[in-house]
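Rule-based calculations on the coordinates, nothing more; no lab input. What you see is a predicted model; the values in this text were computed from it and never measured. In this analysis, Cβ positions are derived from the backbone assuming ideal geometry, glycine residues included, and neighbour counts consider all displayed protein chains.
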Amino acid sequence: MEAKKILDHSYDKVLVRRKRTQSLLFMLFRTAAFINCMALFLVVAFIFMKGWRAITWEFLTQSPLEMMTKGGILPCIVGTLCLGLGAIAVALPIGVASAIYLNEYARPGRMLRLIRLGISNLAGVPSVVFGLFGLAFFVIWMKMGESILAGVLTLAALTLPVIIGSTEEALKAVPDTYREASLALGATRWQTIYRVVIPAALPGILTGAILGLSRAAGETAPIMFTAAVFFTPDLPTSLFDKI
């Protein structure tokens, strides 16, 4: 009985210590989340309070005037949409197809590990490196010049590792029982991928597309090297125009 009391007392002490540690960690996490939310709120509030008077319909729909000291930002908005949507239109099919091959068709081995390692490394390459690559390859070697097309292809190369990685993770999350059940019912491998695996992984694929679009729309260095000019009052009319 005495030994049992000692064990119960020791267990109670351990339980109390664990609860205190858990409460302390929860408090730290809540504090960190509160600080992040407050920082975001302050930034948004500052921008809104200082800038809401300047954001008018004319500011959003006019071209810049007098070396961008007057006028609006319409060409900037159109250029961002062209580059972002164009990059996703190029990178999304290639990225999804690559992820499907790596996850569904490629044989496990050293080569597959090297390919995945290369994709992971490309996802961490600074955007200025992609900008220099786009300048050397698309602008100079492919003779596209500084144009929307060169910027789109450079941003597509930038977002491709993100889309491949997120799509492959989404495909891995689909249970193997889905594939086995489809194959057992007589479906081919491609029918299983197209009608079972991809619909189940679609939320993850869309998440990767949104992340890729946000990165493409927010990058500056690749656009400066391949597509942008300091001042343009006109809207682009072709893929070979500057923005």
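Candidates Gly124, Ile210, Ala187 compared by Cα position along the dipole of the stretch 76-226: farthest toward the positive end lies Ala187, with charges placed on Cβ.
Counted residue by residue at 0.36 nm each, then reduced by the alpha carbon distance between them, the extension gain from Ile94 to Thr69 reaches 4.9 nm.
With each run of n ≥ 4 DSSP H residues scored as -39500 (n - 2.57), what mean residue ellipticity at 222 nm is computed for the chain after dividing by its residue count and rounding to the nearest 500 deg cm²/dmol?
Only helices count here, giving -23500 deg cm²/dmol.
Using the Stokes-Einstein relation with a Kirkwood hydrodynamic radius computed over Cα pairs, the translational diffusion coefficient of the stretch 136-208 at 4 °C and a viscosity of 1.567 mPa s comes to 89 µm²/s. Peptides 135-142, 99-106 ranked from most to least packed give 99-106, 135-142, packing being the mean of other C-beta atoms within 10 angstrom over each peptide's residues. Taking Cα atoms only, the orientation of helix 198-218 departs from the longest principal axis of the chain by about 50 degrees. In terms of overall dimensions, the stretch 107-150 has a Cα radius of gyration and Dmax of 14.6, 41 angstrom.
Computed about the Cα centre, the dipole magnitude for the chain is approximately 1100 debye when only Lys and Arg (+1) and Asp and Glu (-1) carry charge, each at its Cβ. Hydrodynamic analysis of the chain uses the Kirkwood radius over alpha carbon pairs. Inserted into Stokes-Einstein at 20 °C and 1.002 mPa s, it gives a translational diffusion coefficient of 96 µm²/s. Note: relative contact order over the chain, using C-alpha pairs below 8 Å and six or more positions apart, is 26 percent. Between Val229 and Arg189, the modelled label-to-label distance comes to 5.1 nm, taking each label 7 Å out from Cα in the direction of the beta carbon. With Cα atoms as the point set, the radius of gyration and Dmax of the stretch 24-163 evaluate to 21.5, 61 Å. Were the residues from Leu239 through Lys172 laid out at 0.36 nm apart, the gain over their Cα-Cα distance would be 20.4 nm. Our estimate of slack between Cys37 and Ile77, defined as 0.36 nm per intervening residue step minus the Cα-Cα distance, is 11.6 nm.
The Cβ shell under 15 Å around Val125 holds other residues with a net charge of 0, Lys and Arg each +1, Asp and Glu each -1. With r defined as the distance between the Cβ atoms of Leu60 and Leu206 and R0 fixed at 22 Å, what FRET efficiency is calculated, to the nearest 0.05? The pair Leu60/Leu206 has a calculated efficiency of 0.20.
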